[in-house]
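Working notes, beginning with the structure itself.
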There are 4 protein chains.
Amino acid sequence: MNRPWIIGIMGGGDAAAEALDNAYRLGCLVAQHKWCLLNGGRDAGVMAASARGAFENGGLTVGILPGTTLHTASPHITIPIRTGMGMARNCINVLSSDVVVACPGGPGTLSEIALALKSDRPVITMGFSLPALPGLSIGTGRLLSADTPEAVVGLIEKLLQ
Amino acid sequence: MNRPWIIGIMGGGDAAAEALDNAYRLGCLVAQHKWCLLNGGRDAGVMAASARGAFENGGLTVGILPGTTLHTASPHITIPIRTGMGMARNCINVLSSDVVVACPGGPGTLSEIALALKSDRPVITMGFSLPALPGLSIGTGRLLSADTPEAVVGLIEKLLQ
Amino acid sequence: MNRPWIIGIMGGGDAAAEALDNAYRLGCLVAQHKWCLLNGGRDAGVMAASARGAFENGGLTVGILPGTTLHTASPHITIPIRTGMGMARNCINVLSSDVVVACPGGPGTLSEIALALKSDRPVITMGFSLPALPGLSIGTGRLLSADTPEAVVGLIEKLLQ
Amino acid sequence: MNRPWIIGIMGGGDAAAEALDNAYRLGCLVAQHKWCLLNGGRDAGVMAASARGAFENGGLTVGILPGTTLHTASPHITIPIRTGMGMARNCINVLSSDVVVACPGGPGTLSEIALALKSDRPVITMGFSLPALPGLSIGTGRLLSADTPEAVVGLIEKLLQ
């Protein structure tokens, strides 16, 4: 295949130190595996941390931006995609990913988990698990969980086989 | 104001009898209150049931369709909006609603709850409650719950005041 | 059929007096024919004029807004659809219209003519004609032209038969 | 700057031999200049030819796909972005490009010229010129023209200074 696998890393624009550290380390590992990192592109929280980790390790980083300009982009995004579509870009985030990793976050991250499951992209939550939701089914989607970046990478490797 | 309030009713394209009955009855009540009903427009599940309830009571029904044609539209949708954007239309569903009601459903419905909370639209879950989600915050969004269509309407009336 | 035909009226947010007068008169006629008027929803130019014409004649007016709020909406829009998708809403404008009428405008209006032709929606230019474009084909699209609102309505009636 | 300039190459999915040859040669030149090539990603016409030219010269190629899968993607696209948004992806094509080059094409290409002018992205038509359009203004957009891939690159270099 001519293309690298694309690993989407989702998570809060405002996140706690541990989540940021995990996102950074996962970004490093994604680049070391020669995968392409894709995220929401902004210079904040999990997006900034994961992009920096991949970038510092020579990885390719794609950021799907909500706006029409580069003003909010992380400096560690190599390929900024300017959608101008606001939160509708969350759909593109997950559709364009071969595997979606969800870090702690807010309702935007929850939407990405749900949209990924709806579109049959495998989802790995890192550092937390989604409980059973009364009244809401996750359909046929694959939903996994791991505690560390290394364990996430182990799951990704199995999913990509 | 020249405009009716717009009440979005989300829920599964494949749903149990009780959820369909509640969606139908809520559609009836929305029309009787002279509100506009908005949903995902397809002729399936909660979409079809809620549109039928409103339509049979003389209500205006707007359907935000994922496709480019009317082939999948419910016959009880008065104004079909053909987006051609697939599940990105879920964003339009919630942004265009003054209040979002979530009936039981799958990952698409979960995405709409999350997108509504992200965009500060009040959300009422009907017939179930969203539990606390470890690792995921719902931010500043308003999330309410009620068991019956009548109780949902009571909450809508308070929210619209 | 339970649904009114949807007539999309596109044109500049900044337009000359004659174009605005034609758009207003076309809006009046659309409402008198019990068709639904759809446009870009903003309180400016051709959008504001055509919505006012339809609204004053008891017509249903749908506005597909680029933003997430009602701040920019014309007061003569009955059903504002908040897309939050910027100019990507131009695609929804034309896909949701059974016939597209293009009034004079800028590049946004030109994009809507092109997107309508691409998606096989018939287009009527009012008050001007699109010349042949070297290097660019309009494909299989139907492109008509008329000088007055009355003549446009005559063409719409033929197209809807 | 950490990022390569992004050159968008638009044009017909069905195109004449000369247009395809020019698109291929422009793709080669874009890669040789270390720019990133962006197009609509499909394995057809100008998209396939320009991607192949860049790919064979070691360039990075980004394809903004209309669908949700890779089935229609050119094998010479390194980074496929799956939007699932149909022709609304045309907006992303031009917003994400620092300079847009339009090859001969159909109404989709015309829409991209118009959307680029609307969003203030410079546009270079290759092998044809857009005539003055009565009733339609191109606003403040920059619209240039050149006959050969080499001349297009000369214009791009001036625009990027």
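The values are calculated or read from the model by the stated rules, or taken from the named source; none is laboratory data. Fair warning: this is a prediction, and the values are worked out from it, not measured in the lab. Because the Cβ atoms are built from the backbone with ideal geometry, glycine has one as well, and the counts that use them run over all protein chains shown. Ligands, DNA and RNA are stripped out before the accessible areas are found, and what is left, the full protein with its side chains, is counted by its heavy atoms. Shrake-Rupley method; radii C 1.70, N 1.55, O 1.52, S 1.80 Å.
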Set C:ARG142, C:ARG82: member being at pLDDT below 95, charged (D, E, K, R) and over 12 Å from the mean Cα position of the chain (by Cα): C:ARG142
Odd one out for C:THR109, checked against (1) open to solvent by 10 Å² or more (accessible area, probe 1.4 Å); (2) touching a residue at least 12 places away in the same chain (Cβ under 8 Å): (1)
Tally of residues being in a loop (DSSP other than H, G, I, E, B) and either crowded, with 18+ Cβ neighbours inside 10 Å or facing another protein chain (nearest Cβ under 8 Å) (or both) across segment C:133-154: 7
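Give the number of residues within segment B:112-121 that are at the interface with another protein chain (Cβ under 7 Å from one of its Cβ atoms) and either open to solvent by less than 10 Å² (accessible area, probe 1.4 Å) or of a type in the set (Phe, Trp, Tyr) (or both). Step through it out loud before you land on a result.
The first filter runs over segment B:112-121 and keeps only residues at the interface with another protein chain (Cβ under 7 Å from one of its Cβ atoms), leaving B:114-115, B:117-119.
Checking which are either open to solvent by less than 10 Å² (accessible area, probe 1.4 Å) or of a type in the set (Phe, Trp, Tyr) (or both) leaves us with B:114-115, B:117.
Total meeting the criteria: 3.
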Test: A:THR109 is of a type in the set (Ser, Thr, Tyr), over 15 Å from the mean Cα position of the chain (by Cα) and within 10 Å of chain B (Cβ to nearest Cβ): no
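Give the residue that is nearest to the chain's Cα centre (by Cα), with candidates limited to residues of segment A:25-51 that are within 15 Å of A:ILE7 (Cβ to Cβ) and among the charged types (D, E, K, R).
The selected residue is A:ARG25.
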Qualifying residues in segment C:1-20 (those that are among the β-branched types (Val, Ile, Thr) and more than 8 Å from every other protein chain (Cβ to nearest Cβ)) - the one surrounded by the most Cβ atoms within 10 Å (Cβ to Cβ): C:ILE9
Test result for A:ILE124, within 14 Å of chain B (Cβ to nearest Cβ), part of a loop (DSSP other than H, G, I, E, B), in contact with a Leu (Cβ under 8 Å, 6 or more places away or on another chain) and β-branched (Val, Ile, Thr): no
